[in-house]
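The values are calculated or read from the model by the stated rules, or taken from the named source; none is laboratory data. If you're wondering where the values come from, they're calculated on a predicted model, not measured in any experiment. No Cβ is skipped: glycine too gets one built from the backbone with ideal geometry, and neighbour counts run over all protein chains shown.
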Amino acid sequence: MKFIDRLEHLDRRIIFLLVGIAVIIPMLIPLGLPVDISKPVKDVYDKVESLSEGSIVVVSADYDPGSEAELYPATEAFLEHCFRRNLRVFMLGLWPAGSNLGNLALEEIAPQYNKVYGLDYINVGYRPGGPVMLVSLGRNVADIVRTDYTGTPIDSFPLGRAVKSARDIDLVMTLSAGDPGVLHWIIYFNARYGTPIACATTAIMAPQQYPYISSGQLIGLLGGLKGAAEYETLVERKARAVGGMDSQSIVHVLLVIFIVIGNIILFSQRRKK
Amino acid sequence: MSWNVGVWIASLLTLAIYSFLYKDNPFYKVAENIFVGVSAGYWAVVLWFDFTWPNLFEPLINRGNVISLIPIIVGLMMFAPLIPKISWLVRIPLTFTMGVAMALVVTQRIQGEIFPQLQATFLPLAGVSPGVLISNLLIIIGVIATLIYFYFSKEHKGVLGFGAKLGIWFMMIAFGASFGYTVMARISLLIGRVYFLLHNWLGII
């Protein structure tokens, strides 16, 4: 009982330390734990595979540095898949910092596939306005987007001229960390124009997306870092997300142990009383 | 190890923030205040360069679009409460904003959320595999039971009470899934920061 009493009054900093160690050690010594592919992630992959060369994919980077850890790996993996399949990428952001983060991924991935800015991909930057903007964008892109993120007129680029309305868009991929984000794309774009929507979200948001998958309003979902790791596995690009999965698994085991210990302490204290 | 000044600043600020886990200290306070200040400055720049200038002043000044004067005047009315005599003017931009928002939200939420979600619960119970049947039954029972829990016009007794209790179970399972995902999200953020420190800063992985 003395041991249980000691555990009950355990300094919480020891728990922080254990979690820290459980994250760092697998990064230094990778375990290579397998990453299983879930259906919502496979569905996104299959949709991209089904698109013909030259199809236009809108990649909406709706996140900021606070969610970069979860969504940037998904951005990179998805862009890699698009460029490998010779799809054209039209990037924008519903969050101010989103398109900047998306641009970092574009600058890293596009040169690997010899893609040309303006022809194979374009970034039109941050687009404020949420629902109103999305409704207008689907009706007539020129109403909303006049320049790219550098201020260059969009009609000076072949890809800029090719995207006139929602009818020219074959798929929307929103990398979403909140509001505005995936829900706006579903309600104000998919429902009105019928354009297929896929999403990568933070893990916190992931459970809320399942009703939309089951209703067919979402094609698929990359939920958190795990979803990104699954996509990296599918596109054979084992990078940051796959690298983080060992730590994630070890910490989850540790947390389960903490929960069990916590319950043992709770029940033993109840019995004492 | 990185020689990039930006990476060093980000790394030291990360360590300063995490130092709070040990106990509150001046390094944490400095990092926290820098974050608040930078965020405020960043939003001020975003509001001007991404909202106000391109949507309001650029069309007026560079393209002579006088229609932009209307939103400018209506927007200025938002400051009317500062002058008590004309404070009533604030109602004009507020009603306009509410009207547009209501029109958009009501029509699109019905079309884009309520109907498709309702439709998604009309699931077949015959002519499907046993696995799909169980899945469909769970969805149908879960929706009905949860709706019963939120039906407050009659006391939850008998069949209604059983349905409400079942609804609580379904919701508890949903909350558990959400909690699990939340834990995963928080750990992912920690992994992201640790990766940054070990890879971008120290270069040891």
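Tabulated results
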| item | result |
| --- | --- |
| Sole exception among (1) away from chain A (no Cβ under 14 Å); (2) more than 30 Å from A:I186 (Cα to Cα) for B:I134, by number | (2) |
| Lone qualifier among B:G180, B:G142 - being over 30 Å from A:P131 (Cβ atoms) and part of a helix (DSSP H, G or I) | B:G180 |
| Breaking point among (1) over 26 Å from A:Y210 (Cα atoms); (2) under 28 Å from the mean Cα position of the chain (by Cα); (3) exposed (fewer than 14 other Cβ atoms within 10 Å of the Cβ), for B:I73 | (2) |
| Residue in the stretch B:108-126 that is more than 12 Å from chain A (Cβ to nearest Cβ), hydrophobic (A, V, I, L, M, F, W, C) and over 30 Å from A:A22 (Cβ atoms) present | yes |
| Qualifying positions in the stretch A:205-255 - part of a loop (DSSP other than H, G, I, E, B), within 16 Å of the chain's Cα centre (by Cα) and more than 23 Å from A:L33 (Cα to Cα) | A:M205, A:L218, A:I219, A:G220 |
| Pair list, Cβ under 7 Å, 6 or more apart: the stretch A:189-216 residue within 14 Å of B:A174 (Cα to Cα) and more than 9 Å from chain B (Cβ to nearest Cβ), other residue among the hydroxyl-bearing types (S, T, Y) and assigned to a strand (DSSP E or B) | A:Q209/A:T201 |
| Single unsatisfied condition, A:F78 versus (1) without any contact (Cβ under 8 Å) to a residue 40 or more places away in the chain; (2) surrounded by 16 or more Cβ atoms within 10 Å (Cβ to Cβ); (3) away from chain B (no Cβ under 14 Å) | (1) |
| Boolean, A:S60 is modelled with pLDDT under 95 and crowded, with 18+ Cβ neighbours inside 10 Å | no |
| A:F90 vs. criteria closer than 25 Å to A:K47 by Cα, in a helix (DSSP H, G or I) and of a type in the set (F, W, Y) | no |
| Residue among B:A103, B:A164 that alone is out of contact with any Gly (no Cβ under 8 Å at 6 or more places or on another chain), under 30 Å from A:V132 (Cα atoms) and more than 7 Å from chain A (Cβ to nearest Cβ) | B:A103 |
| Residues within the stretch A:63-75 that are surrounded by 22 or more Cβ atoms within 10 Å (Cβ to Cβ) and either in contact with a Ser or Thr (Cβ under 6 Å, 6 or more places away or on another chain) or charged (D, E, K, R) (or both), tallied | 3 |
| From B:R109, B:R193, residue being assigned to a helix (DSSP H, G or I), among the charged types (D, E, K, R) and under 30 Å from A:V242 (Cβ atoms) | B:R193 |
| Filter result (within 14 Å of chain B (Cβ to nearest Cβ) and assigned to a helix (DSSP H, G or I)) within the stretch A:167-188 | A:V182, A:L183, A:H184, A:W185, A:I186, A:I187, A:Y188 |
| Hits in the stretch A:175-191 (condition: closer than 18 Å to A:F90 by Cα and among the aromatic types (F, W, Y)) | A:W185, A:F189 |
| Matching residues in the stretch A:5-21 - criterion: being touching a residue at least 24 places away in the same chain (Cβ under 8 Å) and under 18 Å from B:T14 (Cβ atoms) | A:V19 |
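For (1) in a helix (DSSP H, G or I); (2) under 13 Å from the mean Cα position of the chain (by Cα), each residue gets a yes or a no:
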{"position": "A:R6", "(1), (2)": "yes, no"}
{"position": "A:L17", "(1), (2)": "yes, no"}
{"position": "A:I25", "(1), (2)": "yes, no"}
{"position": "A:I37", "(1), (2)": "no, no"}
{"position": "A:V44", "(1), (2)": "yes, yes"}
{"position": "A:K47", "(1), (2)": "yes, no"}
{"position": "A:E53", "(1), (2)": "no, no"}
{"position": "A:V58", "(1), (2)": "no, no"}
{"position": "A:L71", "(1), (2)": "yes, yes"}
